[in-house]
Amino acid sequence: MTTAQAAVLGVIQGVTEFLPVSSIAHMRIVAALCGWEDPGAAFSAVVQFIAYFAVVLYFWRDYVQFTRGAVRGIGTNAGRLGWMIVVATVPIGVLGLVLRKHIEHAWRSLYVIAGALIGLAVLLAFAEWMERLRQQRGEKLRELDELGWRDAIMVGLWQACALVPGASRSGATITGGLFLGMKRDTAARFSFLMSPLPVFAAGLFEFHKLHLTAGADVINLLVASFVAFVVGYGAVAFLLGFLRRHSTWVFILYRLALGALLFGLLATGKLSP
């Protein structure tokens with residue numbers, strides 16, 4: 001990997017990690033189209049680790065409030081939300097350990113990624129349709145302080161779908177939030193708030209698998225991570241603002257088109273799975 005390739009992968013990671021389009025899918029696809037080697041699950045996990053400090057920085061006031069509340073217990077709204085965030089990370093942590101061999105090897109196939117891109121797009125479209133029905137019936141969509149333990153567990157299970165490359169962490173959790181009757185920006189906000197814990201755990205777990213045999217390897221990792229952090233901060237702010245005014249249909253159509261294109265390139269032999 002050259003430094004220029006690392007910077008490109010950092011941009012891709014930073015943009016697509018926080019938009020509901022799957023960062024792993026884009027890193028695999030770009031690497032394959034450019035003839036680069038697959039950066040691998042360990043590289044992706046460590047770059048994600050650094051990129052998610054953008055989320056911590058963006059929501060630092062929320063995290064301070066939730067941490068203080070969690071220390072005091074679940075008697076306050078902040079304490080309850082703090083512990084709900086912890087509970088929501090359990091499913092992806094357990095399933096990540098159980099399924100790690102599939103995640104690191106077989107599931108990185110471009111066939112799996114293409115299928116996940118299309119599959120989650122269909123589910124997100126159905127969630128958008130249900131959200132529209134709720135609005136037509138005059139139902140009130142829920143805010144962050146109206147969520148409960150069932151919501152945390154269910155969205156946590158949806159987050160586990162992100163273990164399949166191509167599914168997208170934010171895409172899966174926003175889909176789950178919409179199914180549960182949350183406002184779009186609330187679903188995205190809860191998605192971001194609950195994501196750093198499992199990402200940091202995965203990054204620490206995978207770091208020892210990186211073979212940083214030369215100074216250039218370390219520089220490339222730092223370049224990709226720094227770029228992903230800077231670009232990721234902008235992506236978080238963009239998505240939250242976008243979902244206050246718009247639906248996720250632009251992302252749904254993009255996922256469908258990208259998945260179909262990927263299947264076409266694989267079927268014609270333009271790409272190797």
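Of A70, A127, A162, all but one fail to be among the small types (G, A, S) and at pLDDT 90 or above; the exception is A127. Of all residues in the range 16-66, those being in contact (Cβ under 8 Å) with a residue 24 or more places away in the chain, of a type in the set (D, E, K, R) and within 30 Å of A78 (Cβ to Cβ) number 2. Selection within the range 133-147: residues that are in contact (Cβ under 8 Å) with a residue 12 or more places away in the chain and open to solvent by 10 Å² or more (accessible area, probe 1.4 Å). The member of this set that is nearest to the chain's Cα centre (by Cα) is L144.
Contact map, the range 158-182: first residue on the phi > 0 side of the Ramachandran plot, second residue open to solvent by 10 Å² or more (accessible area, probe 1.4 Å) and of a type in the set (K, R), Cβ cut-off under 6 Å, separation 6 or more or different chains; pairs are G181/R142.
Every test in (1) open to solvent by 50 Å² or more (accessible area, probe 1.4 Å); (2) in a helix (DSSP H, G or I) is passed by M27 save one, and that test is (1). Residues that are assigned to a loop (DSSP other than H, G, I, E, B), without any contact (Cβ under 8 Å) to a residue 40 or more places away in the chain and loosely packed, with under 14 Cβ neighbours inside 10 Å do not occur anywhere in the range 109-132.
Residues checked against (1) in contact with a helix residue (DSSP H, G or I) (Cβ under 7 Å, 6 or more places away or on another chain); (2) assigned to a helix (DSSP H, G or I); (3) over 23 Å from H102 (Cβ atoms):
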| position | (1), (2), (3) |
| --- | --- |
| A6 | yes, yes, yes |
| P20 | yes, no, no |
| A31 | no, yes, no |
| V47 | yes, yes, no |
| A54 | yes, yes, yes |
| L57 | yes, yes, yes |
| D62 | yes, yes, yes |
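Filtering the range 81-97 to residues that are within 18 Å of F190 (Cβ to Cβ) and either hydrophobic (A, V, I, L, M, F, W, C) or free of Cβ contacts under 8 Å to residues at least 24 places away in the same chain (or both) leaves L81, G82, W83, M84, I85, V86, V87, A88, V90, I92.
The helices (runs of 4 or more DSSP H) falling completely within the range 169-273 that include 1 or more residues that are open to solvent by less than 40 Å² (accessible area, probe 1.4 Å) and at pLDDT 90 or above map to 169-179, 184-194, 215-245, 249-267.
Evaluating T3 against the criteria (1) open to solvent by 20 Å² or more (accessible area, probe 1.4 Å); (2) among the hydroxyl-bearing types (S, T, Y); (3) within 18 Å of A167 (Cβ to Cβ) leaves one unmet condition, (3).
Within the range 30-61, being open to solvent by 30 Å² or more (accessible area, probe 1.4 Å) and under 22 Å from G234 (Cα atoms) holds for V30, F49, I50, F53, V56, L57, Y58, W60, R61.
Out of all the residues in the range 68-79, is one or more of a type outside the set (A, V, I, L, M, F, W, C), in a helix (DSSP H, G or I) and in contact with a Ser or Thr (Cβ under 6 Å, 6 or more places away or on another chain)? Yes: one or more hits.
The values are calculated or read from the model by the stated rules, or taken from the named source; none is laboratory data. The model shown is predicted, which means the values in this text are computed figures rather than measured ones. Here the Cβ is made from the backbone with ideal geometry for all residues, glycine too, and neighbour counts use every protein chain on show. All accessible areas refer to the heavy atoms of the entire protein, side chains included, with ligands and DNA or RNA removed. Shrake-Rupley method; radii C 1.70, N 1.55, O 1.52, S 1.80 Å.
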